[in-house]
Amino acid sequence: MKFEKEEDRLNFVTEILNHPEMLREVRVREWLAEPHNKDLYEECRRYLEGGLRLTVSEQLDVEGEYQNFIRKMKSGGQSRRIAWFSVAATVVILISASWWLLENSLLSKKQEVMPVAEHIVPGRNQAVLITESGEEFVLNASQGESREVGEGVRVEYDSLSGINYNLAEGGVVRYHTLRVPKGAEYKLTLNDGTVVWLNSESELRYPTSFVGEKREVFLTGEGYFSVAYDEKQPFIVVSSDIYTKVYGTEFNVRSYGDEEVHVTLVQGRVSVKKTEGGSEYTLNPGENARFVESVPEITKVNVNRYIAWKDGYFYYENESMESIMDDLKRWYDFDVVYVGNRVKDYRFELWVSRDSEISVITDLLMKTNRVGIKVNGKTLVVSEVVR
């Protein structure tokens, strides 16, 4: 088993570290038998176990640190990629308007250690493909597989590259649905080359091939889209009666049923509207449209808040405990109970790898001396700390 790109080799090591049961596979053992592969695996393992952390008592620039590591990730070279990988074990947390707590009480008090949550684990690459006829295929293979899923339609998939469509000449166009459960995420490459990353508890309905004057897909949940440019055939995402129209660009749509709809533009240009016949509003890069009524509220934002999940992070700026926990419970697949009238509204700034154990996140939250968190099976009990 060989990888053409060094980044793919690193991604494979990441997958092994996240899913140690893979070490029982013959193909993995054979791959690790090669010295340069074994060396990379051991170096990455040491970084993870080392837990490279920044002390919470320091006032840190979360946005600056995040951008520094993203640049390292994209700059090329194995040493820089390894430096980026070390961030998988790095947690940076700041508490809005509460630095005096850190200076005066945090370092002088013993913190309650959260019990090991054996049944609460980070999510993984997994999805269910549902054909137009209702046939279902579970997609969680760690090595490449291929199968026929309709007349002239073949899909190739694995846990690293996601799912890719190949439509034979004369193949019949059908609608498929990709469903991503709690505790999972998945990447999909559509027939036109558009790449879609789907977050936990999300679903995308799409044709196996695009025909006609537009490329239209239907989203529930959250998806990040990198759309293949086609001036003659615009790409449209329909989600909760919100229509996002593009020709070629990158953007994020968040549309969970119990939340407001957010459309965030990273690069390019999109228009948004409420209902198919509504008025269109244009977004520029770095802007977010929040839909409450028919007219969106468009603001300039830090796009990392909305797209960091696609790069493997949770990223929050002055976000409420309830919002943070809503995201965490989708990814880690747990329930949460709040004790106290105010704890849901406590606000935090947080940057943490989605590969972290849940105890890493909860321990750091408890170090603020504002919340207590206990685990009971697959339920987290979050309470106020009374001072």
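The values are calculated or read from the model by the stated rules, or taken from the named source; none is laboratory data. Source: prediction; values computed, not measured. Positions of Cβ are generated from backbone atoms using ideal geometry, with glycine treated the same way; all protein chains shown enter the neighbour counts. These area figures cover heavy atoms from the full protein model, side chains too; ligands, DNA and RNA do not enter into them. Shrake-Rupley method; radii C 1.70, N 1.55, O 1.52, S 1.80 Å.
At a glance:
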quantity: Theoretical gain in end-to-end length, SER383 to ASP335 [0.36 nm per residue, Cα-Cα removed]; calculated: 15.9 nm
quantity: Segment 313-387 - percent of accessible surface contributed by carbon and sulfur, probe 1.4 Å; calculated: 39
quantity: Nonlocal amide H pairs with THR379, under 5 Å, H built at 1.01 Å; calculated: ASP335
quantity: 28 Å Cα-Cα threshold exceeded, pairs from LYS5/LYS232; LYS232/LYS273; LYS273/LYS378; calculated: LYS5/LYS232; LYS273/LYS378
quantity: Violating pairs (Cα-Cα greater than 26 angstrom) within the set LYS38/LYS329; LYS329/LYS367; LYS274/LYS329; LYS187/LYS214; LYS245/LYS310; calculated: LYS38/LYS329; LYS274/LYS329
quantity: Cβ-based net charge around GLY193, under 14 Å, with every Lys or Arg adding one and every Asp or Glu removing one; calculated: -1
quantity: Contour excess over end-to-end distance, with Cα ends at ASN166 and GLU34 and 0.36 nm allotted per residue; calculated: 44.2 nm
quantity: Long-range HN-HN contacts of SER209 with modeled amide H, under 5 Å; calculated: ARG174
quantity: Nearest-0.05 FRET efficiency for ASP192 and THR282, computed from C-beta distance (R0 25 Å); calculated: 0.60
quantity: Other-chain or far-sequence residues with amide H under 5 Å of GLY286's (modelled H); calculated: LEU265, VAL266
quantity: Kirkwood-based Rg to Rh ratio, segment 118-243, C-alpha trace; calculated: 0.96
quantity: For segment 248-309, projected area of the alpha-carbon convex hull averaged over all directions, nm²; calculated: 4.3
quantity: Modelled FRET efficiency - R0 25 Å, VAL295 with PHE218, Cβ distances, 0.05 increments; calculated: 0.65
quantity: Whole-Hz ³J(HN,Hα) from phi, Karplus 6.51 cos²θ - 1.76 cosθ + 1.60, for segment 175-187, glycine and proline x; calculated: 9, 10, 10, 10, 10, 10, x, 4, x, 7, 8, 7, 10
quantity: Phi to ³J(HN,Hα) by Karplus 6.51 cos²θ - 1.76 cosθ + 1.60 over segment 275-288, Hz, x for Gly, Pro; calculated: 6, 4, x, x, 6, 8, 10, 8, 9, 9, x, x, 10, 10
quantity: Additional length obtainable on full extension of the chain from LYS232 to GLU136, 0.36 nm per residue less Cα span; calculated: 31.2 nm
quantity: Environment charge of TYR206, counting only residues whose C-beta is closer than 14 Å and scoring Lys/Arg +1, Asp/Glu -1; calculated: +2
